[in-house]
Structures are given as C-alpha cells and as structure tokens.
Amino acid sequence: MPTTTDLSFSELRYRRLFEAAHDGILIVDPETRKIIDVNPFLEKFLGYTYEEFIGKELFEIGLLADEAANQAAFQELRKDGYIRYEDLPLRTKDGRSVDVEFVSNIYQEGDQQVIQCNIRDISARKKIENELHETKEKLAGHAAELESVVVFRTAELRLSNMQLETFVYSIAHDLRAPLRTMQGFAQLLAQEHATSLNQQGREYANFINAAAQTMDHLLADLLAFSHISQQKIELVPVAVADVIEDALSACQIDIQRSQARIKNILPWPTVMAHATTLRQVLVNLLGNALKFVATEAPQIRLWSEERPGGTVRIWVEDNGIGIPAEFQEKIFQVFQRLHTTSYAGTGIGLAIVQKGMERMSGLVGVVSAPGEGSKFWIELVKAPAPLIEPPSKGVKTS
C-alpha cells in the first residue's frame with residue numbers, strides 16, 4: 001500500500017478521500033489490466049487483503065465472468081472511455097453472494113492513463129426491489145381474486161334480480177284477472193242494484209271499484225317495469241320526431257282533459273335507442289308533466305340540444321309544482337311518491353324512465369325547484385350520419 005510520504009497536497013487529499021470512501025475503488029493499469037491499488041472499503045467488503053488484490057485481473061476476483069468477458073470489457077472501455085454494469089452478481093472470498101453496481105472510467109494521470117473502477121454494494125436496494133416486486137405480485141393476485149369475486153357476485157345479483165323481476169311479472173299478471181273481476185262486480189253492484197242499496201252501500205261499492213282501479217294501475221306499472229327490465233334491447237338509429245308524435249298520441253286523452261298546451265320545438269335528431277322503450281320513457285315523462293300541476297292548465301315544452309361527446313339531450317319542461325332538491329334523486333326509485341294523497345299515481349313511472357334509460361345506455365335527470373316547474377331530461381348517443389354512396393361512373397343523376 002503506498003505511503004503518504006512526499007505526496008503533494010492534492011495527492012494527499014485524493015488519497016484520504018480514496019481511503020475514506022464508502023464505495024469500493026480499484027485502480028487498474030490499462031496496459032496490463034492488473035489491479036495496482038484498492039481502497040480499504042473494498043478489502044473489507046470482499047474479504048481479500050490488499051496483497052491479494054494487487055496484480056490480479058478483474059475476473060480473478062469475480063468482478064467479471066471470465067477472461068473473455070474481461071477482454072471484452074476492456075475493449076469497450078478503450079473505445080468509449082466508460083463502462084457500467086448496473087446489476088453485477090459477485091461472490092466474496094468467504095462465498096457470500098452480493099450484488100454490486102460496477103462503473104469504470106479511464107482517465108489521464110500525469111503522462112499516463114489509469115483506470116478507476118467504482119464498486120457499490122446494492123444488496124439492500126435489491127432486497128427492497130425484490131420485496132416490492134413480491135408485494136406487487138401479491139397485490140395483483142389479490143386484485144385478480146377480488147375482480148373474480150366481484151364478477152361472480154355481480155352475476156349472482158343479476159340472476160337474483162332477473163328471478164325477482166320474473167316473480168313480480170308473474171304475480172302482477174296473475175293478480176290482474178281476479179282484480180278485474182272484483183272491479184266488474186263492484187261496478188255491476190253500483191249500477192244494477194243501486195235502488196236496492198242505501199247511500200252508504202253505494203259508497204262502499206264505489207270505494208271497492210276505485211280501489212280496484214288503483215290496484216290495476218299499480219299492477220300495470222309493475223308489469224311495464226318488469227317488461228322494460230327483461231325485454232331484449234337492440235340500439236338502432238331512431239328518429240326522435242316519430243317517437244315524440246307517438247308519445248303525444250298515447251297521451252292525447254289526458255292532454256284534452258287537462259286542456260294542456262304542448263309546444264313541440266323542431267327539429268328533432270336521430271339517436272341510438274330502442275324505439276318502444278324510448279316511447280315508454282317519453283309517455284311517462286309527459287304523464288308526469290300533465291299530472292303534477294297546481295290549478296292552471298299544464299304547459300309543456302319539448303325540445304332537444306346536442307351535448308359535448310356526441311350525445312343528445314331531450315327535454316320535457318312543465319309548469320308544475322316542482323320538486324325539492326333533496327328528493328330529486330329518490331323520485332327515480334320504485335314506489336317513491338312525494339304526494340301520496342294530492343295526486344294519483346303508483347310511484348313507479350319515473351322508475352320505469354330510469355330503467356329504460358339504463359337499458360339504452362343513456363342518462364336521465366331533472367332540474368327543478370318547488371313552485372317553478374320541472375325540466376326532466378334524457379340523454380342518448382346521437383346516431384351517426386348515414387353514409388351517402390357516390391354515384392356510379394357513367395350514370396347521370398338529377
């Protein structure tokens with residue numbers, strides 16, 4: 001090991017840094033490829049004495065695989081002046097396996113070239129990286145397992161919902177027949193035996209008839225909800241103008257009875273939808289607009305607007321009683337009625353609207369305030385413009 005006798009200040013400072021470094025440092029003669037100096041850290045790290053390093057080539061202390069690898073490394077070093085191995089496995093004198101980062105530079109020292117090799121212990125870093133990799137694999141495994149559970153539970157829930165909807169449909173369908181019989185006989189009792197009944201008896205018969213009608217409307221809405229949940233939906237281009245016309249025709253009796261004023265604002269777009277389902281949605285929205293008014297005649301505006309992202313929003317605006325903000329999400333749930341006595345209804349109409357829009361991959365919402373009317377909207381994807389094929393060559397078109 002060289003002494004500090006007669007060293008200049010700069011050489012002495014370098015020597016102290018060299019010996020105090022917390023990375024291994026080797027100095028190699030580029031001509032002989034032999035180690036000519038080594039710092040104390042590397043002696044302790046690899047377990048070799050200073051004398052065991054000196055005169056050895058790099059492959060002889062395990063830094064390179066063999067003599068061929070040693071020659072290849074030195075050729076690269078002479079060409080580029082620099083080599084780097086970020087993850088180099090190394091075995092110490094006592095047989096331990098360590099991972100190091102190896103960086104080698106060739107530089108000029110006075111009138112001769114020397115090679116400095118820096119060896120950094122990255123075992124701790126490698127351990128952390130391996131632990132992180134194992135953790136990521138475990139997390140990925142847990143995520144896959146969780147996703148599998150979610151898929152299974154979703155399938156179970158979907159099946160359960162289908163079974164429940166089928167049950168509701170069956171019950172609602174089977175109950176309507178005896179209910180209509182009850183209603184029919186109550187009407188006959190009130191009409192044909194009116195003289196045999198006193199005032200109270202006639203009122204009872206009318207109560208039975210009215211209750212039967214209410215129950216029949218409820219069962220009809222349950223059937224509609226079940227049907228819209230189970231029917232096969234295929235989205236195709238649908239002209240909204242035609243569906244609006246059909247929906248208005250379906251509501252014509254209620255429109256005339258209430259003396260409603262309808263403002264149908266053109267033009268209407270073409271959207272990707274299921275025509276029957278869209279008609280049911282609009283009929284229910286129009287029915288709400290006709291029903292929930294105070295004293296004045298209903299005034300309803302129908303219009304559309306294109307939205308960012310290629311969708312169309314269809315609006316049904318009324319001058320009705322309005323909906324408080326805290327109830328505007330609940331009204332789309334089954335059997336949610338805000339006015340249980342003032343206005344007739346089953347509490348299923350807007351649930352049908354919500355379900356219909358879900359089935360058509362659309363959205364529904366409302367803008368409203370008490371006393372200011374309501375603006376219900378539904379949003380669907382705009383249908384792509386039809387392709388117009390160019391005329392064939394040689395054929396004159398007019």
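Read-outs: derived from the displayed coordinates by stated rules, not from any lab. Note that the coordinates shown come from a computational prediction; the quantities given were computed from them, not determined experimentally. Virtual Cβ from ideal backbone geometry, glycine too; neighbours counted across all protein chains shown.
The distance between label points at Ala69 and Asp94 comes to 2.4 nm (points 7 Å beyond Cα on the Cα→Cβ vector).
Backbone geometry of segment 81-91 corresponds, through the Karplus equation with coefficients 6.51, -1.76 and 1.60 at θ = phi - 60°, to 3J(HN,Hα) couplings of x, 6, 9, 8, 10, 6, 9, 10, x, 9, 10 Hz, x marking Gly and Pro.
For a 21 Å ceiling on Cα separation, which of these pairs sit above it: Lys263/Lys375; Lys330/Lys355; Lys34/Lys93; Lys232/Lys291? If you can, show how the numbers build up before the last one.
Details: Lys263/Lys375 14 Å; Lys330/Lys355 14 Å; Lys34/Lys93 19 Å; Lys232/Lys291 30 Å.
Among Lys263/Lys375; Lys330/Lys355; Lys34/Lys93; Lys232/Lys291, the Cα-Cα distance tops 21 Å for Lys232/Lys291.
Among the GluC sites (Glu not before Pro) in segment 19-124, those located in a DSSP loop and surrounded by at most 15 other Cβ atoms within 10 Å of their own Cβ are Glu31. Approximating the spin labels as points 7 Å out from Cα along Cα→Cβ, the Lys330-to-Ile54 distance works out to 9.2 nm.
Can you give the extra length, in nm with one decimal, that the chain gains between Lys34 and Val150 once fully stretched, where that is 0.36 nm per residue apart less the Cα-Cα distance?
Numbers: separation 116, 0.36 × 116 = 41.76 nm, distance 6.35 nm.
Gain on extension, Lys34 to Val150, equals 35.4 nm.
Can you compute log10 of I(q)/I(0) for segment 1-118 with the Debye formula, treating each Cα as one identical point scatterer, at q = 0.13, 0.21 Å⁻¹? Listed by q, the Debye log ratios stand at -0.50, -1.34.
Each of Ala210 and Arg257 was given a label point 7 Å from its Cα along the Cα-to-Cβ line. The distance between the two points is 1.4 nm.
Give me Ser97, Ser304 ranked fewest to most by other Cβ atoms within 10 Å of their Cβ, as a rough exposure proxy.
On the way: Ser97 9, Ser304 23.
Fewest-to-most Cβ neighbours within 10 Å comes out as Ser97, Ser304.
Over segment 232-381, Cα pairs under 8 Å with separation of 6+ residues give a relative contact order of 25 percent.
Residue-wise HN-Hα couplings along segment 94-110, as the Karplus relation 6.51 cos²θ - 1.76 cosθ + 1.60 with θ = phi - 60° gives them from phi, are 8, x, 6, 9, 10, 10, 10, 9, 10, 10, 10, 10, 10, 9, 8, 10, x Hz; Gly and Pro carry x. 3J(HN,Hα) couplings calculated from phi for segment 356-361 with the Karplus curve 6.51 cos²θ - 1.76 cosθ + 1.60 (θ = phi - 60°) are, in sequence order, x, 5, 4, 5, 9, 6 Hz; Gly and Pro show x. Residues whose amide H falls under 5 Å from that of Arg307, counting only those 5 or more places apart or on a different chain, are Val312, Arg313, with hydrogens built in the peptide plane.
For Ala260, neighbours were defined as the other residues whose beta-carbon sits under 11 Å from its Cβ, and their charges (Lys and Arg +1, Asp and Glu -1) total +1.
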